[in-house]
Protein chains: 2
Amino acid sequence: MKTFLDCFPCIMEQALKTARLATQDEAKIKEILDRTGEMFRNMSMLLPPPQLSVKMYQTVSEITGNIDPYKSLKLAHIEEANKLFESLKILIQDSKEPLLTAIRLSIAGNVIDLGVKTDFSLEEDIQKILKQDFAIFDYEDFKNDILKARRILYLGDNSGETVFDKLLIETIDKPITYAVRETPIINDATLKEARLSGLHEVANLISSGCPAPGTILDLCNEEFLDLYNDADLIISKGQGNFEGLSDENRNIYFLLKAKCKVIASHLNVSLGDIVLKSNKKRG
Amino acid sequence: MKTFLDCFPCIMEQALKTARLATQDEAKIKEILDRTGEMFRNMSMLLPPPQLSVKMYQTVSEITGNIDPYKSLKLAHIEEANKLFESLKILIQDSKEPLLTAIRLSIAGNVIDLGVKTDFSLEEDIQKILKQDFAIFDYEDFKNDILKARRILYLGDNSGETVFDKLLIETIDKPITYAVRETPIINDATLKEARLSGLHEVANLISSGCPAPGTILDLCNEEFLDLYNDADLIISKGQGNFEGLSDENRNIYFLLKAKCKVIASHLNVSLGDIVLKSNKKRG
């Protein structure tokens, strides 16, 4: 997915939010906003939005010396999600359709997205998403593909959401490789946050090599690309991974909540809609 | 009021919105965003926000050749408000406290602010604001000052809101000078929109000389400044005028709805609150 003009004000907003987490020095924050503003001219609209935000995040680290401004928020969200883990596990086990309930919960976990907005209510959103209709619902395909799949690659997204991914992975109950970002970017999970979420207990953890808040194949490492090319089913969580892979012709299932109008419009759904979308060529 | 860091993403958002109204040429819109981003470094944080947005709006005109992108929206909002005029006039006349009802309605008209957001529901907002508690309510002072006042200056804000101002001016029923912007900026009223709202029937219309979406004294003309300095009561509508005049030591009453968090925080009220605030020195 290419970048839309609406992404530019959003990148400024993210720059301000990230800068404020990284420092309290107003002059440094102003310098980050100035530099971000100056980047727009040289940003290619043909690249996916997550790729454009990398340079902005690097600027924050460079100016403030803080390479992980979301560190404490990430830990807090993992802790919050971990506290819900056992009760949600029971909810899945007791449900009529455990796989679907686990999918819903893993999408509910996707509200912990600090790239878009910082205020969400996890428990409220869980209750809402457990009942919400899907705007795109390729569930039958997904269920069939999961049954047959032998090499499943799962693309993680936000820290905290990772705990919900663990529930889905346990429910699928097959060997799964779980890929995370190479370096801290927004509140996205790296290997550290994946381990804190207990994902090493249920999956083979790897770094995609990607420093962007999404899966941009051009920026991924060889180990990841081999697994990506070899996988017979890919589960892609969240907007950032969708933005990077929406034009790929692979057996990918996108699980996300449409939290920005650009994504919603690209998916032809409404803001706030939940999606389980196969990108297999239909025919 | 000085500019806050939060104003920068908002200026980018305004640039995009205004550019899209002015042209459908994506390359021109991108150029407007690029130039706006490049302006931040040289924008002084000591100036009030409306002053900073002037250059951005000039860039839109320069690149698109459209000097009044909000033209048709302004006319539509005046028309919408004009249709409500007679019924609101009766509402004021029939109310227990006509002056207060007229003040509430003039604040309700302040929702027609396209600098902050483009979606509002005028009739719904009117009903809400007729019942809403004021977060700051210097009404007794206002009422007393209005009784004594001989030289009242009324600072207009948005087109459409102008029609609601006409209702308040009729209710006050004293000679009033109504000042508007010099040139088109966002949906702010100029002399043209003030006349279309019938304000020439109830007030002496003048241009403040200000090209900014607010009252920035440094940018105002002499005629306005003479009236401003001579007035014994100034009614200031909306955020833009407040941003320009909040630090002035004059007998100004600010009537507004706090529609952005920077203004809300500066006034120590919540987002969405309505305000009738005197800036007289208390003691």
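The values are calculated or read from the model by the stated rules, or taken from the named source; none is laboratory data. Keep in mind the model is a prediction, meaning the values are calculated, not measured. Note: ideal-geometry Cβ built from the backbone for every residue, glycine included; neighbour counts use all protein chains shown. We work out accessible area using only protein heavy atoms, side chains counted, and drop any ligands, DNA or RNA first. Shrake-Rupley method; radii C 1.70, N 1.55, O 1.52, S 1.80 Å.
Among DSSP beta bridges whose residues both lie in the range B:143-233, state the antiparallel percentage, nearest 5.
Numbers: 1 of 10 bridges.
Antiparallel bridges: around 10 percent, rounded to the nearest 5.
Just by accessible area at a 1.4 angstrom probe, what is the order of A:H77, B:H266 from largest to smallest? Before the final figure, lay out the partial values.
Numbers: A:H77 20, B:H266 80 Å².
Sorted by accessible area, descending: B:H266, A:H77.
Can you work out the accessible area per residue across chain A, with the rest of the protein chains kept in place, probe 1.4 Å, in square angstrom?
On the way: 11660 Å² over 283 residues.
Per residue, chain A has 41 Å² of solvent-accessible surface.
Between chains B and A, what is the buried accessible area summed over both chains (1.4 Å probe, protein heavy atoms, nearest 100 Å²)?
2000 Å²
Order B:K96, B:K55 by their accessible area, 1.4 angstrom probe, all chains in place, largest first.
Values: B:K96 205, B:K55 120 Å².
These residues rank, largest area first, as B:K96, B:K55.
How large is the dipole of the range B:224-267 about the Cα centre if only Lys and Arg carry +1 and Asp and Glu carry -1, each at its Cβ, rounded to the nearest 20 debye? Spell out each step's value before the answer.
Details: 5 positive and 6 negative charges, 89 e Å.
Roughly 420 debye, rounded to the nearest 20.
Tally Lys and Arg at +1 and Asp and Glu at -1 over the other residues with C-beta under 14 Å from the C-beta of A:K74: what net charge comes out? Walk me through the intermediate numbers first.
Working: positive: A:K71, A:R181, A:K192, A:R195; negative: A:D68, A:E79, A:E80, A:D113, A:D157, A:E161, A:D188, A:E193.
Value of the local net charge: -4.
Sort A:L91, B:L155 from largest to smallest accessible area, using a 1.4 Å probe on the heavy atoms of the protein chains.
Working: A:L91 70, B:L155 0 Å².
Sorted descending by solvent-accessible area, the residues read A:L91, B:L155.
Just give the residues from the range A:34-68 buried by at least 40 square angstrom of accessible area in the all-chains context relative to the isolated chain, probe 1.4 Å, and say none if nothing qualifies.
Hits at the 40 Å² cut-off: A:D34, A:E38, A:F40, A:R41.
For the range A:223-283, which trypsin sites (Lys or Arg not before Pro) are both in a DSSP coil and crowded by at most 11 other Cβ atoms within 10 Å? Don't skip to the answer; put the middle values down first.
Working: sites: A:K237, A:R250, A:K257, A:K259, A:K261, A:K277, A:K280, A:K281, A:R282; in loops: A:R250, A:K259, A:K280, A:K281, A:R282.
Answer by residue number: A:K281, A:R282.
At a cut-off of 10 Å², which residues of the range B:1-23 become less accessible once all protein chains are present than in their chain alone, using a 1.4 Å probe?
For the range B:1-23, once contacts with the other chains are taken into account, B:L5, B:D6, B:F8, B:P9, B:M12, B:E13, B:L16, B:R20 lose 10 Å² or more.
By its C-alpha gyration tensor, with a ≥ b ≥ c as the square roots of the eigenvalues, how is the range A:161-231 shaped: rounded for a/c under 1.5, else prolate for a/b larger than b/c, else oblate? Kindly include the intermediate steps, with their values, before the conclusion.
On the way: a/c = 2.20, a/b = 1.25, b/c = 1.76.
It comes out oblate by the Cα gyration axes.
Hey, got the dipole for the range B:124-283? About the Cα centre, +1 on K and R Cβ, -1 on D and E Cβ, debye to the nearest 20? Please report the intermediate quantities before stating the final value.
Details: 20 positive and 26 negative charges, 74 e Å.
Taking the Cα centre of the range B:124-283 as origin, the dipole is about 360 debye.
If you average the sequence gap of Cα pairs under 8 Å that are 6 or more apart and divide by the length of the range A:88-241, what percent do you get for the contact order?
Details: 252 pairs, mean separation 38.2, N = 154.
Reported as a whole number, the value is 25 percent.
List nothing, just return the count: lysine pairs in the range A:95-221, 8 or more apart or interchain, with Cα separation under 24 Å.
Lysine pair count for the range A:95-221: 21.
Longer than 28 Å from Cα to Cα, which of B:K89/B:K257; B:K71/B:K237; A:K2/A:K55 are they? Say none if no pair is. Spell out each step's value before the answer.
Numbers: B:K89/B:K257 21 Å; B:K71/B:K237 21 Å; A:K2/A:K55 17 Å.
As for pairs spanning more than 28 Å Cα to Cα, there are none.
Since chains B and A are linked by a rotation, which residue in B has the beta carbon closest to its axis, and how far is it in Å?
Residue nearest the B-to-A axis, with distance in whole Å: B:G37, 2.
In nm, what does the list of distances from B:A27 to its counterparts in the other copies look like, shortest first, when each label sits 7 Å along Cα to Cβ?
B:A27 label point versus its equivalents elsewhere: 4.2 nm.
How much net charge surrounds A:D94 when only other residues with a Cβ under 15 Å from its Cβ are counted (Lys, Arg +1; Asp, Glu -1)? Let's see the in-between values first.
Numbers: positive: A:K89, A:K96, A:R104; negative: A:E86, A:E97, A:E170.
After counting each charged neighbour, the total is 0.
Compare the Cα positions of A:T162, A:T101, A:F142 along the charge dipole of the range A:89-239 (+1 at Cβ of Lys, Arg; -1 at Cβ of Asp, Glu; about the Cα centre) and return the one farthest towards the positive end.
Value computed over the given set: A:T101.
So, with +1 on the Cβ of K and R and -1 on the Cβ of D and E, and no other charges, what is the size of the charge dipole of the protein assembly as shown about its Cα centre, to the nearest 20 debye?
Details: 70 positive and 86 negative charges, 45 e Å.
The dipole of the protein assembly as shown has a size of about 220 debye.
Pick out, from A:N187, A:I172, A:C210, the residue whose Cα sits farthest towards the positive end of the charge dipole of the range A:149-225, with +1 on the Cβ of Lys and Arg and -1 on the Cβ of Asp and Glu.
Result: A:I172.
So in chain B, what percent of DSSP beta bridges are antiparallel if you round to the nearest 5?
So the antiparallel bridges amount to about 25 percent of the total.
For B:Q58 and B:K148, what is the calculated FRET efficiency with R₀ set at 25 Å and r taken between the beta-carbons, to the nearest 0.05?
Values: r = 41 Å, r/R0 = 1.66.
After rounding, the FRET efficiency stands at 0.05.
How much net charge surrounds A:A231 when only the other residues with a Cβ under 14 Å from the Cβ of A:A231 are counted, with Lys and Arg +1 and Asp and Glu -1?
On the way: positive: A:K148, A:R150, A:R151, A:K174, A:R250, A:K280; negative: A:D145, A:E223, A:D226, A:D230, A:D232, A:E248.
Neighbourhood net charge equals 0.
For the pair B:S72 and A:N221, how long in nm is the line joining their label points, each one 7 Å along Cα→Cβ?
Distance between label points: 5.5 nm.
Taking square-rooted eigenvalues a ≥ b ≥ c of the alpha carbon gyration tensor, is the range B:165-281 rounded, prolate or oblate, where a/c under 1.5 means rounded and, failing that, a/b exceeding b/c means prolate? Could you put the intermediate results ahead of the total?
Numbers: a/c = 1.39, a/b = 1.38, b/c = 1.01.
Rounded is the answer for the range B:165-281, as its axis ratio a/c remains below 1.5.
For the range B:188-213 and the range A:179-247, what is the separation of their C-alpha centers, rounded to whole Å?
57 Å
Which far-off residues, 5 or more places away or on another chain, put their amide H under 5 Å from the one on A:S207, with H placed in the peptide plane?
A:V180
Would you mind classifying the range B:1-105 by shape? Square roots of the alpha carbon gyration tensor eigenvalues, ordered a ≥ b ≥ c; an a/c under 1.5 is rounded, otherwise it is prolate if a/b is larger than b/c and oblate if not.
Details: a/c = 4.11, a/b = 1.79, b/c = 2.29.
It comes out oblate by the Cα gyration axes.
Mind listing the phi-derived Karplus ³J(HN,Hα) values for the range B:233-238, rounded to whole Hz, using 6.51, -1.76 and 1.60 with θ = phi - 60°, and x for any glycine or proline?
Working through the residues one at a time gives 8, 10, 9, 10, 8, x Hz.
Take the solvent-accessible surface of the protein heavy atoms, probe 1.4 Å, and return the percent of it on chain B that carbon and sulfur atoms account for. Please report the intermediate quantities before stating the final value.
On the way: 5670 of 11660 Å².
For chain B, the apolar C and S fraction of the accessible surface comes to 49 percent.
Counting DSSP beta bridges with both partners in the range A:91-243, what percentage is antiparallel, nearest 5?
On the way: 1 of 13 bridges.
If we restrict to bridges inside the range A:91-243, about 10 percent are antiparallel.
Which one of B:S72, B:S44, B:A15 has its Cα pushed farthest toward the positive end of the charge dipole of chain B, where Lys and Arg give +1 and Asp and Glu give -1 at the Cβ?
So the residue we want is B:S44.
Taking a label point 7 Å from Cα toward Cβ, how far is B:Q58 from its twins in the other copies, in nm, shortest first?
3.4
Distances in nm, one decimal, shortest first, from A:E124 to the same residue in every other copy, taking the label point 7 angstrom along Cα→Cβ.
1.7
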